[in-house]
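A.B. asks: Dropping a structure here in structure tokens format, bear with me for questions.
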Amino acid sequence: MVHGAEDVFCDRCGADATTGAHADCVRARALEPPRYCSRCRRRMIVQVTPGGWTARCAEHGTHASR
Amino acid sequence: MTQILDVARTQVLGRGIGFDEAQAARALGLPDAELDALLDLAHDVRLKWCGDEVEVEGIVSLKTGGCPEDCHFCSQSGLFDSPVRSAWLDVPSLVRAARETAATGATEFCIVAAVRGPDERLMQQVREGVAAIAAEVDINVACSLGMLTQAQVDELAAIGVHRYNHNLETARSYFPDVVSTHSYEERLDTCEMVRKAGMELCCGGILGMGETVAQRAEFAAQLAALAPDEVPLNFLNPRPGTPFGDQQPMSATDALRAVATFRLVMPRTILRFAGGREITLGDLAERGVRGGVNAVIVGNYLTTLGRPASEDLSMLADLKMPIKALAKDL
């Protein structure tokens, strides 16, 4: 999924988000946290909890569901 | 009505005697046209032998990823090219997750670790976590930490873990196609130790991993022989990078047929909807709760997301099914 100009990688599959539709990834992300940093493609350390998730990229910081 | 449903009405509903493997296979073979009748009967069995309450549970991953085992469905195995990285949850976060779970009305909170079995570091985290939750949150604590030694079983029982989850995952005959790094018997050993130690046993598995219908019946019968207090039913959610990552989710009708059949095999067991129901059943999950299920996991799972707890609680309210209240007896 692409969120902004700096987000060039799909946060689900890690591939180049600017090529291909990633329709399956977009659909799957409704029930999955992100796994790859959308800015640098690093695999993130993800913690899922009953009410949310956090995803930490060593370079670009932590994203959270809320 | 089909003969097997007549048998179910007399034997299971009437006398509380669960189906055997052959009977389960016949139920699993019922055509779609008879699915509603099967589900209605399973619902009647559940109401008669379990009551109308629904047990609500939340789960959290204490230690994620990096598992040395090769369970082919699992994105947390360190042996597969999965995007899941290792993570540890600290005790304050664990307590926060328990509190969030309790706020939904849940009575169960299960602490899960992706390991073959707990090492001392994990046991220490569990000791501290269980004690902190007991001090701060009104909820029963369950654990799922892989295969245990007798000393670990005894300690978990002593610190107040009232239920332990250890799934058989699938039928004995299909197990070698799912896991090669440990045996079915090793799993059974832990289950037996848990029961003997006085903890409640939670033991289920995952449907739709490529097992045949006959193996699904075999699995139900093998679970029944173990007589767990709870059976969590997961449906395969194919995870990228795992050996089962390219499988298709099982059909909703097959999943519902299995739910009803497992209820007919185990009329008194807590039968819980667990992972994968969102992609397998979608809105038909409601039919499962009117088809034999009497427990749900609310909120997110270990590495994937579930429906918001509020949606499931709203569904239960619409169905006029009361949520089981907390009864701590330890």
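A.B. asks: Under 7 Å between Cβ atoms, at least 6 apart or on separate chains: pull out the pairs that start in segment B:118-139 with a residue that is at pLDDT 95 or above and end on any residue that is of a type outside the set (Val, Ile, Thr) and surrounded by fewer than 15 Cβ atoms within 10 Å (Cβ to Cβ).
C.D. replies: B:138/B:326; B:139/B:326
A.B. asks: A further question follows. Go through segment A:23-42 residue by residue and tally those that are under 21 Å from residue B:62 (Cα atoms), more than 9 Å from the chain's Cα centre (by Cα) and in contact (Cβ under 8 Å) with a residue 24 or more places away in the chain.
C.D. replies: 0
A.B. asks: Sort through B:228, B:267, B:249 and tell me the only one that's more than 14 Å from the chain's Cα centre (by Cα), crowded, with 22+ Cβ neighbours inside 10 Å, modelled with pLDDT of 95 or more and in a loop (DSSP other than H, G, I, E, B). Full working, then the answer.
C.D. replies: Working: B:228 fails: more than 14 Å from the chain's Cα centre (by Cα); B:249 fails: crowded, with 22+ Cβ neighbours inside 10 Å.
Selected residue: B:267, the only one of B:228, B:267, B:249 that is more than 14 Å from the chain's Cα centre (by Cα), crowded, with 22+ Cβ neighbours inside 10 Å, modelled with pLDDT of 95 or more and in a loop (DSSP other than H, G, I, E, B).
A.B. asks: Now for a separate question. If you check B:213, B:137, which single one turns out to be within 21 Å of residue B:59 (Cβ to Cβ), surrounded by fewer than 21 Cβ atoms within 10 Å (Cβ to Cβ) and in contact with a helix residue (DSSP H, G or I) (Cβ under 6 Å, 6 or more places away or on another chain)?
C.D. replies: Matching residue, one of B:213, B:137: B:137.
A.B. asks: Can you report the number of residues in segment B:290-306 which are in a loop (DSSP other than H, G, I, E, B) and either under 21 Å from residue B:320 (Cβ atoms) or among the aliphatic types (A, V, I, L, M) (or both)?
C.D. replies: Qualifying residue count, segment B:290-306: 8.
A.B. asks: Related question: So, in segment B:232-246, of the ones that are hydrophobic (A, V, I, L, M, F, W, C) and part of a loop (DSSP other than H, G, I, E, B), which residue ends up surrounded by the most Cβ atoms within 10 Å (Cβ to Cβ)? Full working, then the answer.
C.D. replies: At the first step, the residues of segment B:232-246 found to be hydrophobic (A, V, I, L, M, F, W, C) are B:233, B:235-236, B:244.
With part of a loop (DSSP other than H, G, I, E, B) added as a condition, the list becomes B:236, B:244.
On the way: B:236: 23, B:244: 20.
This residue is B:236.
A.B. asks: Separate question: Looking at segment B:279-288, can you tell me whether even one residue there is crowded, with 24+ Cβ neighbours inside 10 Å and touching a Leu at 6+ places or on another chain (Cβ under 7 Å)?
C.D. replies: Yes: one or more hits.
A.B. asks: A follow-up question, please. Would you check if there is a residue in segment A:39-49 being β-branched (Val, Ile, Thr), part of a loop (DSSP other than H, G, I, E, B) and under 19 Å from residue B:240 (Cβ atoms)?
C.D. replies: No, because not a single residue in segment A:39-49 is β-branched (Val, Ile, Thr), part of a loop (DSSP other than H, G, I, E, B) and under 19 Å from residue B:240 (Cβ atoms).
A.B. asks: Can you name every residue in segment B:80-117 that is of a type in the set (A, V, I, L, M), farther than 30 Å from residue B:294 by Cα and without any contact (Cβ under 8 Å) to a residue 40 or more places away in the chain? Please lay out each step first, then the result.
C.D. replies: Start the filter on segment B:80-117 by keeping residues that are of a type in the set (A, V, I, L, M), which leaves B:84, B:87, B:89, B:91, B:94-95, B:97-98, B:102-103, B:106, B:111-115.
Of the ones still in play, those that are also farther than 30 Å from residue B:294 by Cα are B:84, B:87, B:91.
Within segment B:80-117, B:87 is the sole residue that qualifies.
A.B. asks: Hey, another quick one. Out of all the residues in segment B:296-306, is one or more away from chain A (no Cβ under 14 Å) and farther than 12 Å from residue B:39 by Cβ?
C.D. replies: no
A.B. asks: Moving to a separate point now. Does segment B:267-277 contain at least one residue that is of a type in the set (Val, Ile, Thr) and either farther than 20 Å from residue B:209 by Cα or within 14 Å of another protein chain (Cβ to nearest Cβ) (or both)?
C.D. replies: Scanning segment B:267-277, I find at least one residue that is of a type in the set (Val, Ile, Thr) and either farther than 20 Å from residue B:209 by Cα or within 14 Å of another protein chain (Cβ to nearest Cβ) (or both), so the answer is yes.
A.B. asks: Among the candidates B:78, B:58, single out the residue that is surrounded by fewer than 24 Cβ atoms within 10 Å (Cβ to Cβ) and not aromatic (Phe, Trp, Tyr). Explain how you work it out, then say what you get.
C.D. replies: Details: B:58 fails: surrounded by fewer than 24 Cβ atoms within 10 Å (Cβ to Cβ).
Just one listed residue meets the conditions, B:78.
A.B. asks: Here is a follow-up. Of all residues in segment B:295-308, count the ones that are in contact with a helix residue (DSSP H, G or I) (Cβ under 8 Å, 6 or more places away or on another chain), touching a residue at least 40 places away in the same chain (Cβ under 8 Å) and surrounded by fewer than 24 Cβ atoms within 10 Å (Cβ to Cβ). Steps first, answer last, please.
C.D. replies: Of all residues in segment B:295-308, those in contact with a helix residue (DSSP H, G or I) (Cβ under 8 Å, 6 or more places away or on another chain) come to B:296, B:298-299, B:304-307.
Still in the list and also touching a residue at least 40 places away in the same chain (Cβ under 8 Å): B:296, B:298-299, B:304.
Then drop every residue that is not surrounded by fewer than 24 Cβ atoms within 10 Å (Cβ to Cβ), which leaves B:304.
Result for segment B:295-308: 1.
A.B. asks: Which one is surrounded by the most Cβ atoms within 10 Å (Cβ to Cβ) among residues in segment A:20-55 that are facing chain B (nearest Cβ under 7 Å) and basic (Lys, Arg)?
C.D. replies: Taking the candidates together, the pick is A:35.
A.B. asks: Only residues that are of a type outside the set (S, T, N, Q) and either over 16 Å from the mean Cα position of the chain (by Cα) or in a loop (DSSP other than H, G, I, E, B) (or both): list them for segment B:202-220, please.
C.D. replies: Result: B:203, B:204, B:208, B:209, B:210, B:211, B:213, B:214, B:217, B:218.
This table checks each residue for (1) aliphatic (A, V, I, L, M); (2) more than 13 Å from every other protein chain (Cβ to nearest Cβ).
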site: B:57; (1), (2): no, no
site: B:61; (1), (2): no, no
site: B:69; (1), (2): no, yes
site: B:74; (1), (2): no, yes
site: B:80; (1), (2): no, yes
site: B:91; (1), (2): yes, yes
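A.B. asks: Name every residue in segment B:117-157 that is small (Gly, Ala, Ser) and under 21 Å from residue B:107 (Cβ atoms), in order of residue number.
C.D. replies: Scanning segment B:117-157 gives B:129, B:131, B:132, B:134, B:135, B:142, B:144, B:157.
A.B. asks: If you check residue A:26 against the conditions, is it among the aliphatic types (A, V, I, L, M) and under 30 Å from residue B:99 (Cβ atoms)?
C.D. replies: No.
A.B. asks: Filter segment B:307-330 down to residues that are within 13 Å of another protein chain (Cβ to nearest Cβ) and part of a loop (DSSP other than H, G, I, E, B), then give me how many there are.
C.D. replies: 2
The values are calculated or read from the model by the stated rules, or taken from the named source; none is laboratory data. Being a predicted model, the structure only gives us computed values, none of them experimental. A quick note on method: Cβ atoms are made from the backbone with ideal geometry, for glycine too, and the neighbour counts reach across all protein chains shown.
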